[in-house]
Amino acid sequence: MNPACKQYSTDIIGLKRPTALDKLFDSIPKPKGAVPEFGLPKWKVMPLESKIPMVPGPEGVYNFTRRKLGEELWISTPDAEFNLSDPYGYEIQWTYDSLHDKHLLPHFSKPNIIRHLIKSGFVTKNLDAKCSLKDYNMYRRYLRRLHCDSIKKELNRRTKQSIEERAILYAQEQAEKEVKRLRERERLMELRKSAIMQRKMAEKMKLQKQKEKQRKIDERLQALAQKKKETQQMRYIKSKAHAEIIQQKQMAATDIRRQKIIQTLLEWNRKERIRKKMREMRLAHEQEEKRKIVELKWEERLEFQKKQIEKEQFLLQCIEDQRSKFIDAYQEKVDRETERMKRLFEDVKMYIRCYLARHLPGSRERICCEKYFDDDEDETSFVESDKKDAAKLIKQDKVRKFLLSVIKTANYIINKKQY
């Protein structure tokens, strides 16, 4: 392992390694606008299925935009497939945005309208229509669907090419299966349509019942409202007469309290102006402190993510170096073991040939291996020991089976190491 990589051994274990499927996704170009040209560095490498988080930053450092002013958002490609994965629009909400209406483009192209939109904060100086974080993440879902369609087309193309290369003889069988699958799909579509019609009829009947019930409730409420109105009129007449008597008594006391209230209100207004002035000064000071803290955190987060991306690239390079060294070592070990088993197999064959030459009927008892011709005394002792061992094995009638099993085992081990 590279010495510089040892200190990141723990990070290497937790690092997500790119798979073959990830490399395929990266090889297919993403739709226009999928990679944001603003914000933090990790937003540019973040997959489309991930949402952009709400990160506080200095005012004006980034703006969420989807397309230019007057350009359509939801555009389908001419070769797109019919997608039934989200028939009720739970995954993507196809909302209307007047800033992206192509029919309003002549109106938005007027200079005074453009200046008003820029001043109001609806568009940027490059005429990019601004949007909220929620709308931008929803638009990323739409781009992810387009990207998935491209990936699906590429996978289908590779699959078809592989099938044509390997399965020419089974083309007729695949065609019959495809016909059965289409018939089954048509049958399921018919069943689904019938189920939808039944559900619509049930909803229609339920809606009629609800309307009838609501009508009865409205009639009852109208009757109660009329009765309540009459009761209130009677109470109003009685209370008006009583209020006139009380009003005469209160008018005398009102003049006395009025002077006191005026003085009190003037004092309150003076104190309230002082309090508002102090509060505005305090809020301005807190706002300035908060802005400085947000800018400092933004710079720290920006620097940290840049270092994190460089670190991940370095760790991936370390993993590739480790893998190549491990493969070389493993291949060297396999070669050594293969050579050793080949030598062992040659010794076994030589031993069997010598043994058969010495002990089969009509053969002479001698040593036929050149490696044993150096010393005569060793030869004599080896012959005598072989005679004793052969006599025992012949009595048990297992010599031939034993030797055949040794040869089969040696062949199996050599073939296994080679593969």
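Quick one: in the stretch 120-152, which of the residues that are over 17 Å from Lys68 (Cα atoms) and among the basic types (Lys, Arg) is farthest from the chain's Cα centre (by Cα)? Only one residue tops the list, namely Lys134.
Of the numbered criteria (1) open to solvent by less than 40 Å² (accessible area, probe 1.4 Å); (2) more than 19 Å from the chain's Cα centre (by Cα), the one Ser98 fails is (1).
Mind telling me which of the residues Arg291, Arg282, Arg301 ends up being touching a Leu at 6+ places or on another chain (Cβ under 7 Å) and of a type outside the set (S, T, N, Q)?
The conditions single out Arg301.
Reported count of residues in the stretch 121-134, each being in a helix (DSSP H, G or I) and open to solvent by 60 Å² or more (accessible area, probe 1.4 Å), is 1. Only residues that are under 15 Å from the mean Cα position of the chain (by Cα) and either free of Cβ contacts under 8 Å to residues at least 60 places away in the same chain or open to solvent by 40 Å² or more (accessible area, probe 1.4 Å) (or both) were counted in the stretch 31-54, giving 10.
Here Glu230, Glu288 are screened, and the one residue that is modelled with pLDDT under 90 and either in a helix (DSSP H, G or I) or more than 30 Å from Val61 (Cα to Cα) (or both) is Glu230. Residue count for the stretch 291-324, restricted to those that are modelled with pLDDT of 90 or more and over 24 Å from Lys44 (Cα atoms): 3.
Cβ-Cβ contacts under 8 Å between residues 6 or more apart (or on different chains), taken from a first residue in the stretch 317-335 that is free of Cβ contacts under 8 Å to residues at least 12 places away in the same chain and hydroxyl-bearing (Ser, Thr, Tyr) to a second residue that is surrounded by 12 or more Cβ atoms within 10 Å (Cβ to Cβ) and assigned to a helix (DSSP H, G or I), are absent. Going residue by residue through the stretch 108-118, is there one that turns out to be assigned to a loop (DSSP other than H, G, I, E, B) and modelled with pLDDT of 75 or more? Yes.
Assessment of the stretch 157-176 against the conditions (open to solvent by less than 70 Å² (accessible area, probe 1.4 Å), touching a residue at least 40 places away in the same chain (Cβ under 8 Å), in a helix (DSSP H, G or I) and hydrophobic (A, V, I, L, M, F, W, C)) yields no matching residue.
Being in a helix (DSSP H, G or I) and either open to solvent by 30 Å² or more (accessible area, probe 1.4 Å) or of a type in the set (D, E, K, R) (or both) is true of Leu105. A count restricted to the stretch 127-153 and to residues that are without any contact (Cβ under 8 Å) to a residue 24 or more places away in the chain and either in contact with a strand residue (DSSP E or B) (Cβ under 8 Å, 6 or more places away or on another chain) or more than 25 Å from Pro29 (Cβ to Cβ) (or both) stands at 1.
Taking Lys306 as the residue in question, decide whether it is open to solvent by less than 100 Å² (accessible area, probe 1.4 Å), under 58 Å from the mean Cα position of the chain (by Cα) and charged (D, E, K, R).
Yes: the conditions hold for Lys306.
The values are calculated or read from the model by the stated rules, or taken from the named source; none is laboratory data. Note that this is a predicted model, so its numbers are computed, not measured. All Cβ positions, glycine included, derive from the backbone under ideal geometry; neighbour counts span all protein chains shown. In case anyone asks, the SASA skips ligands and DNA or RNA and just uses the protein heavy atoms, side chains included. Shrake-Rupley method; radii C 1.70, N 1.55, O 1.52, S 1.80 Å.
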